[in-house]
Amino acid sequence: MQVTAKTSRLLILAAAIAALGAASTPASADMETLLDKLHEKGVLSDEDYEAMRTEARAERRAQALKEANEAEKATKKAESAPSELTGRFKDGFSWESGDKENSLAITGRAQADYRQFSENSGSGNTATGNSADTFDVRRAYIGLQGKIAGDWAFDVTADVSQTSSSQLDVAWINWGAYKQVQFRAGQFKMPMELEELTSSRFIDFTERSFANQLAPGKERGAMLHGLPFTGVFYALAASNGDGKNNNETSSTADGKDVIGRLGTNVAEIIGNKDMVLHFAGAYSDGREQSSLAVPTERTEGRGITFFTPAALGSSYDRKRTAGEVSLAWNQVKVQGEWLVANFKTVNGTVDRDINAHYAEAMWLISGEKYADAYRNGAYGAIKPDRPFKKGSEGWGAWELGLRYSKFDATEFPTIVGQSNEADAVTVGLKWIPNTNTRVYLNYVMTKFDQPVNVVGGTTDKENAVNVRLGIYF
């Protein structure tokens, strides 16, 4: 066998180490020291010493370079992690930075409706264009949501369903470093009425109740809100009080609306995850200019507008008081709200109330629990236990609902061809194939206290069938 010069030197080194009684082969960092000692003792010749020392130094430099490269790679990976965006789909399309401090989501919803009214069949009783049998794109929104630096959240959403032009739906910034106290500014939902604060993606029926039409919706303002204790929520907002996409325009009647809401979910306090025991109240107070009309009222079938009061004639103070109750146990829910709106002119000539309330019962016949969809004072998405999908055995979630609603504006002067009172009953079936999709079938029966004008005569009732296919992300 041929022995190379390097092999010979290694054999010499091993013999030398054994002769000195070393316990193990020295690390490369100590090799040069060992070689020096062996050379001093005459174990290594000058030639072997120089050759081995050169090899030891080369090995040490190679090892140092390798360690430096590995350290540099680790540093670059650590530095790039916060800035790397990772995409995913979880009920929507979103991206998040490696440190979870920044995120961005593309959001949207589309609701395709069909409405049919019994008053349109055969008799010629077509109650204005609102109650014509029609297909409709009820909502079509597209937007961006996300957060910056962990504590700053935002939502900018456009309503692209408008026939004339797109409109801003919401645009707000929320500082949420502490769950107990957060601050929001922009255009957003005002804190009043459980139906309103539950997104249209997840409402129980195709349309909200009479009471909702009296509540503030999306307005421009600022709000403090939070969860100070387990099961307790609050919000205090100030707004222009003039509705969505409206700035204040009066310098004389410039009183901002102040809106507050306080509530609790007792089930969270007692630690019961199968129940919702929601109780809340809200109040608003503001001065409005005379040009801002008292709200009109339209049927819950989205048909006849049966109440359009005359202007009050001067600036007025508007006060609204609301109460909410929602009780759920496993797959059964009962819920009700009432709202009183008072309109009092500054000159004292008018002081009138409008009252509205509803009560409803819901049943998830497929077995899902309402408590799983409830969070922070409102309901979110019901997620089917067994989603419907081609090739699977699941049929999604199924829900039955019944609602009674009452509208009462009898303190306002009666106008011929309009009604100051109305009662409505809605029967609904909802299919939820998956978390992001909804199919509604509603039958809405409305009875007016006095006949309302329609094309070709008058009517004291409206029967409507509403169908909706909705999707969101």
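The values are calculated or read from the model by the stated rules, or taken from the named source; none is laboratory data. Remember, it's a predicted structure, so these values are computed and weren't measured experimentally. Cβ sites come from the backbone with ideal geometry, for glycine too, and all protein chains shown count toward neighbours. These area figures cover heavy atoms from the full protein model, side chains too; ligands, DNA and RNA do not enter into them. Shrake-Rupley method; radii C 1.70, N 1.55, O 1.52, S 1.80 Å.
For the reader, a short list of remarks on this structure follows.
- Some residue of the range 391-407 being more than 22 Å from ASP372 (Cβ to Cβ), in contact with a Lys or Arg (Cβ under 9 Å, 6 or more places away or on another chain) and aliphatic (A, V, I, L, M): no
- Test for GLN116: is it open to solvent by 80 Å² or more (accessible area, probe 1.4 Å), at pLDDT 95 or above and of a type outside the set (A, V, I, L, M, F, W, C): yes
- Selection of the range 349-397 for residues being buried (at least 18 other Cβ atoms within 10 Å of the Cβ), touching a strand residue (DSSP E or B) at 6+ places or on another chain (Cβ under 7 Å) and in a loop (DSSP other than H, G, I, E, B) yields SER366, GLU368, GLY377, ILE382, PRO384, GLY396.
- Each residue in the range 419-458 was checked for being surrounded by fewer than 20 Cβ atoms within 10 Å (Cβ to Cβ), over 32 Å from the mean Cα position of the chain (by Cα) and assigned to a strand (DSSP E or B), and 9 of them qualify.
- Test: ASN463 is of a type outside the set (Ser, Thr, Tyr), closer than 29 Å to ILE304 by Cα, assigned to a strand (DSSP E or B) and in contact with a helix residue (DSSP H, G or I) (Cβ under 7 Å, 6 or more places away or on another chain): yes
- Applying the set (1) closer than 30 Å to THR458 by Cα; (2) in contact (Cβ under 8 Å) with a residue 60 or more places away in the chain; (3) of a type outside the set (S, T, N, Q) to ALA293 leaves exactly one unmet item: (2).
- The one condition in (1) within 32 Å of the chain's Cα centre (by Cα); (2) surrounded by fewer than 19 Cβ atoms within 10 Å (Cβ to Cβ) that GLN289 fails to fulfil: (1)
- Looking across PHE205, PHE210, one residue alone is touching a residue at least 40 places away in the same chain (Cβ under 8 Å), under 25 Å from ASN466 (Cα atoms), open to solvent by less than 60 Å² (accessible area, probe 1.4 Å) and within 19 Å of the chain's Cα centre (by Cα). It is PHE205.
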